[in-house]
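Structure, as structure tokens:
The values are calculated or read from the model by the stated rules, or taken from the named source; none is laboratory data. Note that the coordinates shown come from a computational prediction; the quantities given were computed from them, not determined experimentally. Glycine gets a Cβ as well: all are built from the backbone with ideal geometry, and neighbour counts include every protein chain shown. For accessibility, only protein heavy atoms count, side chains too; no ligands or nucleic acids. Shrake-Rupley method; radii C 1.70, N 1.55, O 1.52, S 1.80 Å.
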Amino acid sequence: MSESKAERYDVLVAGAGAAGLCAAIQAARGGASVCLVEKYGIAGGTITAGGIPYPGIFHAWGRQVVAGIGWDLVEKTRKESNDPLPDLYNTNLKEHWRYQVNIDPMIFATLCDEAFAEAGVTVKYHTMIGAVEVEEDGVAVTLCGKDGLYPVFSKRVIDCTGDANAAKMAGAELRVSDPCQPGTLCYYATGYDPEKLDIDAIKAAFDAAMARGEVFKEDTGWGSGFNPHVLFSRGNNSNHISGINAGDSEGRTKIEIAGRASVLRLYRFLKKQPGLEKLELKLNAAECGVRETRTIVGQATVTAEEYAAGRKYDDAVSYAFYPIDLHDAKVGLDKRNLEPGVVPTVPRGALIPRGTRHLLAAGRILSSDRLANSALRVQATCMATGQAAGALAALSVRLNVPAEQVPMAELRKLLEENKAIVP
């Protein structure tokens with residue numbers, strides 16, 4: 001790559017999902033020139049493209065534990081929609097989903113665009129990273145746009161791809177899950193009244209169809225056999241697509257095809273059932289939602305034991321709050337609630353890939369074991385760790401030191417100036 005011809009930035013953020021959008025805004029607010037690269041034409045990741053527009057959890061045991069840039073955007077979205085926030089202060093983890101905040105994904109994405117422009121972020125939608133080469137003073141990146149390849153040089157790179165794609169290209173050590181948690185293709189079903197359906201009869205018909213190989217047990221839920229949740233939730237977040245690691249393009253292709261096949265099997269079955277003759281399916285996700293692929297091996301690793309104990313790391317950059325939530329093809333869901341009062345934290349070292357230079361990572365790829373990652377992967381925590389990584393990258397450039405040498409006092413100051421809650 002000819003460095004002289006490359007666009008130059010202080011920080012390049014790969015991925016504009018929950019982590020990446022916060023990383024980019026925070027890095028720019030920290031004084032860095034920032035390039036944000038996103039494969040889709042919209043920010044938000046699972047909130048928008050994945051069909052899960054209810055980020056959480058921001059509150060725990062009667063207090064807010066995650067705030068900052070992500071929470072500010074959630075609040076603004078609700079205000080724009082004229083929707084008051086629900087009561088989020090009496091967190092009951094037995095029903096943790098009630099503490100995720102429903103938002104309008106289009107309004108959220110547009111407010112993200114406004115925040116990027118206000119912060120001075122250079123946004124490159126419909127763009128992916130094609131190659132990464134770590135150099136002495138930064139990272140040479142080849143970007144792939146709709147018209148071809150072109151070079152960019154950045155002093156720091158933050159991987160927020162969800163699949164550690166940039167970290168892999170940079171030669172970072174990774175943990176690869178085998179098996180991975182199942183994915184889910186979200187859709188919306190309409191054209192029927194759930195209260196008028198004979199669920200027992202549908203279940204019996206489903207069991208018979210499953211015995212004939214016409215449908216699979218995971219087509220309607222996270223366990224064995226027919227799950228009426230698929231009808232009462234109108235299809236939202238109600239299937240499992242198992243046995244595929246979607247970290248690369250080959251795996252992603254497989255899970256997209258398998259996800260659509262699962263929905264079509266169920267559609268064909270349900271259309272034959274009394275009361276579902278006018279069933280229609282509405283796609284509300286551009287892609288199959290992926291829970292797990294691979295994570296970085298960082299300078300520190302969050303373990304399930306440390307997470308469940310609420311360990312307060314000396315270099316903690318954010319709180320995290322969610323039950324251990326491991327989806328499994330055989331078990332369905334392995335859910336383990338936190339004990340009352342426990343609020344885990346995330347250390348700075350979990351955002352820094354071990355043995356690399358100029359590279360940071362945030363979101364669900366942060367350094368953690370499998371059970372801990374099943375809790376850390378959620379949107380609010382991704383927002384918090386993304387903001388922390390953005391602040392780290394900006395300060396690392398400003399002070400001309402590696403991210404692990406940025407004084408914690410400086411990091412805390414910058415994060416708190418942007419409304420983050422730092423342990």
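Of all the strands (runs of 3 or more DSSP E) wholly in segment 318-380, which have at least 1 residues that are modelled with pLDDT of 95 or more and touching a Pro at 6+ places or on another chain (Cβ under 6 Å)?
In segment 318-380, 345-347, 359-361 are the strands (runs of 3 or more DSSP E) which contain 1 or more residues that are modelled with pLDDT of 95 or more and touching a Pro at 6+ places or on another chain (Cβ under 6 Å).
Could you list, ordered by first residue, the pairs with Cβ atoms under 7 Å in which the first is in segment 70-81 and touching a residue at least 40 places away in the same chain (Cβ under 8 Å) and the second is surrounded by fewer than 17 Cβ atoms within 10 Å (Cβ to Cβ) and of a type outside the set (Asp, Glu), at least 6 apart or interchain?
Close Cβ pairs satisfying both conditions: Asp72/Lys419.
Test of understanding: among Ala286, Ala300, Ala308, which residue is of a type in the set (A, V, I, L, M, F, W, C), free of Cβ contacts under 8 Å to residues at least 40 places away in the same chain, open to solvent by 20 Å² or more (accessible area, probe 1.4 Å) and more than 27 Å from Ala209 (Cβ to Cβ)?
That would be Ala308, the only listed residue that is of a type in the set (A, V, I, L, M, F, W, C), free of Cβ contacts under 8 Å to residues at least 40 places away in the same chain, open to solvent by 20 Å² or more (accessible area, probe 1.4 Å) and more than 27 Å from Ala209 (Cβ to Cβ).
Just for segment 54-83: of the residues that are touching a Pro at 6+ places or on another chain (Cβ under 8 Å) and either open to solvent by 20 Å² or more (accessible area, probe 1.4 Å) or of a type outside the set (Val, Ile, Thr) (or both), which one is nearest to Thr385 (Cα to Cα)?
Here the answer is Gly70.
For residues that are within 17 Å of Phe58 (Cβ to Cβ) and of a type in the set (D, E, K, R), scanning just segment 82-123, find the one that is nearest to the chain's Cα centre (by Cα).
So, considering only residues that are within 17 Å of Phe58 (Cβ to Cβ) and of a type in the set (D, E, K, R), the one nearest to the chain's Cα centre (by Cα) is Arg98.
Starting from residues that are open to solvent by 40 Å² or more (accessible area, probe 1.4 Å) and within 23 Å of the chain's Cα centre (by Cα), keep the ones in segment 335-357 and report whichever is nearest to Glu135 (Cα to Cα).
Here the answer is Arg354.
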